[in-house]
Amino acid sequence: MQVSDALRSRISTRAFLDRQVDEAAIRGILDTARWAPSGGNLQPWKVHVVTGDARQRVIDAVKSKLESDPFGDENAFPVYPEKLWEPYRSRRFEMGEQMYALLGIPREDKGARLEHLLRNFDFFGAPVGLFFVIEKAMNPNQWAHLGMFMLAVSLAAEEAGLATCMQEAWTRFSGTIGTALGLPETEQVYCGMALGYADPAAPVNQLRSQRADLSAISVFH
Ligand SMILES: Cc1cc2nc3c(=O)[nH]c(=O)nc-3n(C[C@H](O)[C@H](O)[C@H](O)COP(=O)(O)O)c2cc1C
């Protein structure tokens, strides 16, 4: 598979088959992704892989936190700025509308929309969960480098015939997950990722999000 094919075919998969992933395949993906670059070659990332009981432990911990404190947010960095402005606001809105249309959930059905959002917290049924962890003392630069590692993981998974969904949704529970994973105080979970085999019959997996034209994101001087 060419890199450009992997970039164009990777999508956020939000429904997975009930089919296990061999540990060797997971290791192969991470072994490729570790060649992602980072400033100073710090490689400021760690990835925690959860399957089976360990996966369930994280799911249960977050579920019980959700039940006791549904509005809690343990994330030191809110996912989006408080009030998104254009063009970002519209891009986010359009993607959401496209997704809920495929799911057949109308705008006013807040309950069904919330239920779909909550599916984040079982990895959308994926048998493998990844948590990307960084040391709290790192600068914003290193967070960017961690993102490169995450993209490398998702592209290597694509090449291996597996599907992914990056999941910042989990960061609301970064402390709870950190405890479940036994992270030291000095580290924090940035993002989760669901990994598994895509369910080709699920309508939500038909979503093909759009991108701004090259002219809107590039300036040639
Ligand atoms: C860092 C990151 C975090 C994301 N977090 C979530 C998430 O928590 N839940 C979700 O359903 N999608 C999440 N997404 C998926 C984005 O909505 C998606 O990448 C975007 O709409 C583009 O669609 P595509 O990935 O299908 O190309 C995340 C994507 C990235 C890059």
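Check segment 23-36 and report whether any residue there is among the aliphatic types (A, V, I, L, M), surrounded by fewer than 11 Cβ atoms within 10 Å (Cβ to Cβ) and in a loop (DSSP other than H, G, I, E, B). Within segment 23-36, none of the residues are among the aliphatic types (A, V, I, L, M), surrounded by fewer than 11 Cβ atoms within 10 Å (Cβ to Cβ) and in a loop (DSSP other than H, G, I, E, B). Residues in segment 144-181 that are in contact with a His (Cβ under 9 Å, 6 or more places away or on another chain) and more than 15 Å from the ligand (Cβ to nearest atom): Leu181 only. Scanning segment 74-105 for residues that are surrounded by 11 or more Cβ atoms within 10 Å (Cβ to Cβ), closer than 22 Å to Ser12 by Cβ and touching a helix residue (DSSP H, G or I) at 6+ places or on another chain (Cβ under 8 Å) gives Asn75, Phe77, Val79, Leu84, Pro87, Met99, Tyr100, Leu102, Leu103, Ile105. Condition check for Gln56 on (1) over 30 Å from Ala216 (Cα atoms); (2) in contact with a Ser or Thr (Cβ under 9 Å, 6 or more places away or on another chain); (3) not in a loop (DSSP other than H, G, I, E, B): one failure, at (2).
Going through (1) modelled with pLDDT of 95 or more; (2) under 30 Å from Ala137 (Cβ atoms) one by one, Ala24 falls short only on (2).
Scanning segment 1-15 for residues that are part of a helix (DSSP H, G or I) and touching a residue at least 12 places away in the same chain (Cβ under 8 Å), we see that the one that is farthest from the ligand (Cβ to nearest atom) is Val3.
One residue stands out in segment 1-16 among those that are aliphatic (A, V, I, L, M) and open to solvent by 60 Å² or more (accessible area, probe 1.4 Å): the one that is farthest from the chain's Cα centre (by Cα), namely Met1.
For segment 16-43, the set of residues classified as over 11 Å from Pro127 (Cα atoms) and within 16 Å of the ligand (Cβ to nearest atom) consists of Ala33, Ala36, listed by residue number. Residues in segment 204-221 that are of a type outside the set (Ser, Thr, Tyr) and within 19 Å of the chain's Cα centre (by Cα): Val204, Asn205, Gln206, Leu207, Arg208, Gln210, Arg211. Each residue in segment 176-204 was checked for being farther than 16 Å from Asp122 by Cβ, open to solvent by less than 20 Å² (accessible area, probe 1.4 Å) and part of a helix (DSSP H, G or I), and 1 pass. When segment 103-125 is limited to residues that are within 12 Å of the ligand (Cβ to nearest atom) and aliphatic (A, V, I, L, M), the one that is farthest from Phe93 (Cα to Cα) turns out to be Leu118.
The values are calculated or read from the model by the stated rules, or taken from the named source; none is laboratory data. Here the structure is a predicted model, which is why all the values come from computation and not from measurement. Reconstructed Cβ throughout: ideal geometry from the backbone, glycine too, with neighbour counts over all protein chains shown. To get the accessible areas, we keep the full protein, side chains included, count just its heavy atoms, and leave off ligands, DNA and RNA. Shrake-Rupley method; radii C 1.70, N 1.55, O 1.52, S 1.80 Å.
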